[in-house]
Amino acid sequence: MIKDVESTKNQNGLTAIGKAVNLTLVELLPMMRPDADKLVILFTDGTNNKYPAPYIYADKLKDAGVKILTIGIGSDINNKELGTLASPGLSVTFDSFSRLVNSQNQILSHICPIPDPPLEVPCKRTKLDLVVVLDSSASISNEDYDSAKRFIAKIFGKLELGPNKGRVAMISFSNDPRLDFSFEDYYDNKKLDLKLRNLERFGGLTGIGKALQEVQSKLMPKQRSKVPFNILLITDGVNNIYPRPYGVANALKQNKANIITLGIGSDINLNELKALSSNDKVLTVDSFDELEASLKTIFETVICGNAQ
């Protein structure tokens, strides 16, 4: 089999994803064993540019119990297309083919995922508001941004969402903030996962101050009485654009917002993150690949309020 793969030659031509997925549906699905897990991995460095469109065939595969993992490489891919074709949580991107080769463990984690350890303590809070403020600056690669989105999806997936239960919102930022969705937009985890997968990184500087101002102006007015209001700030850098973040962070905390900072890598400013956080709640990891190691701490002790 390895020799067959190695001897495969580039066919050149257009990018007919629809035809390839349809061929999988017609020729290979009937050969798949009914009692086995079924997975299709789609690699591409472009977007479908030939009739037919791939969506209907991908949906038929998924309806038949097949999981689709899409792997996009380079700058010419269509993230929205790949996210729609993929099964929930199974769309990843890489900046180059060399980064792809060096990320085998990341790909294997999607093919053979390790189940999350069970939470030892049930969540004490059924009502809470959570705002994720995610760094989308130029220092973050596409694959790191995807890792962050998967991490966020796992946090959201552990909450019981509803207008009178848990509510979530998200802001991405670089030079300027982008309100990705507000509290009232998503109460369905499947739709929320799709929204997260389709979010694109936009590069630029690290405007933490502007991002917190966006929380203050767009989301803080929707704060519910006697309901915890949590802000999870995720960054791999330091604020490097006006305004400085301290004043707005203090204003948020005075309005009973609980700010949790999660710093990634070696370029963070720990003193800055401590000053922004409530009660020195600062979490750090060495890389985006290690984000999930902090999931239990964030969920159980900070968001759920199970800390002693």
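Summary of values
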read-out	value
Positions within region 160-191 being under 17 Å from residue 234 (Cβ atoms) and of a type in the set (A, V, I, L, M), in sequence order	168, 169, 170, 171, 179
Some residue of region 240-249 being of a type in the set (Ser, Thr, Tyr) and under 25 Å from residue 175 (Cβ atoms)	yes
Considering residues of region 196-255 that are of a type in the set (Val, Ile, Thr) and within 23 Å of residue 127 (Cβ to Cβ) only, the residue surrounded by the fewest Cβ atoms within 10 Å (Cβ to Cβ)	227
Where residue 211 falls short, out of the listed (1) more than 29 Å from residue 106 (Cβ to Cβ); (2) not in a loop (DSSP other than H, G, I, E, B)	(1)
Residue that is surrounded by the fewest Cβ atoms within 10 Å (Cβ to Cβ) [pool: residues in region 134-158 that are touching a Lys or Arg at 6+ places or on another chain (Cβ under 8 Å) and in a loop (DSSP other than H, G, I, E, B)]	141
Test: residue in region 164-183 that is assigned to a loop (DSSP other than H, G, I, E, B), of a type in the set (Lys, Arg), surrounded by fewer than 16 Cβ atoms within 10 Å (Cβ to Cβ) and on the phi > 0 side of the Ramachandran plot	no
Helices (runs of 4 or more DSSP H) contained entirely in region 1-68, each with at least 1 residues that are surrounded by fewer than 16 Cβ atoms within 10 Å (Cβ to Cβ) and over 28 Å from the mean Cα position of the chain (by Cα)	2-7, 17-23
Among the candidates 280, 236, residue that is touching a Gly at 6+ places or on another chain (Cβ under 6 Å), modelled with pLDDT under 95 and either acidic (Asp, Glu) or not assigned by TED's automatic domain parsing to the domain that holds residue 210 (or both)	236
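The values are calculated or read from the model by the stated rules, or taken from the named source; none is laboratory data. Predicted model, so just to flag it, every value in this text is computed and none were measured. Cβ: placed from backbone, ideal geometry, glycine included. Neighbour counts: every protein chain shown.
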